[in-house]
Amino acid sequence: MRIAGACLGVQLALAPLAAAALCEDTGNNLEFTACMAGEAEAADAELNRIWTLVLGRIAEMDHLSAGQRADWRARLVAAQRSWIAFKDTDCHDVVGYEWWGGSGAGSAIAGCLHAATTRRTRELVRRYDIDPDAAPLAMRATP
């Protein structure tokens with residue numbers, strides 16, 4: 001599982017560059033921005049998938065009481081909400097000002113969202129020792 005996590009870590013580290021490379025051959029700035037926005041949405045979907053696994057990992061921590069697990073989960077959810085607020089403000093507002101009036105603002109914002117989301121996914125995989133190939137519990141086939 002650690003090797004798979006390490007491989008995902010390398011993939012996620014290169015993901016922002018890969019996203020830009022995938023979108024590079026689009027015809028114009030509008031198409032590039034749409035492509036980057038699609039990559040940001042895909043990164044968000046992967047974060048949501050990993051998030052489900054993280055919450056499942058907390059639920060599995062039977063060395064803690066149910067109350068402690070509930071508190072841990074609540075604090076992590078609060079931290080995630082704060083991270084989302086930071087990411088959105090940083091990428092939409094701050095990057096928006098950095099590119100004020102420029103035709104590359106949309107793709108810069110999408111690139112920021114993609115990179116930030118990919119970093120957060122990588123962090124959660126590492127911190128919670130998540131097997132990136134695992135399906136969330138709700139999606140696993142029952143025998």
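Here are the numbers for the structure shown:
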| read-out | value |
| --- | --- |
| Residue in segment 104-125 that is of a type outside the set (Val, Ile, Thr), loosely packed, with under 14 Cβ neighbours inside 10 Å and either over 13 Å from the mean Cα position of the chain (by Cα) or under 20 Å from Leu22 (Cα atoms) (or both) present | yes |
| Condition met for Leu12 (at pLDDT below 95 and not β-branched (Val, Ile, Thr)) | yes |
| Among the candidates Ala6, Ala45, Ala70, residue that is over 30 Å from Ser103 (Cβ atoms) and either of a type in the set (Asp, Glu) or modelled with pLDDT of 95 or more (or both) | Ala70 |
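The values are calculated or read from the model by the stated rules, or taken from the named source; none is laboratory data. As the structure is a prediction and not an experimental result, all values here were calculated from the model. Cβ: placed from backbone, ideal geometry, glycine included. Neighbour counts: every protein chain shown.
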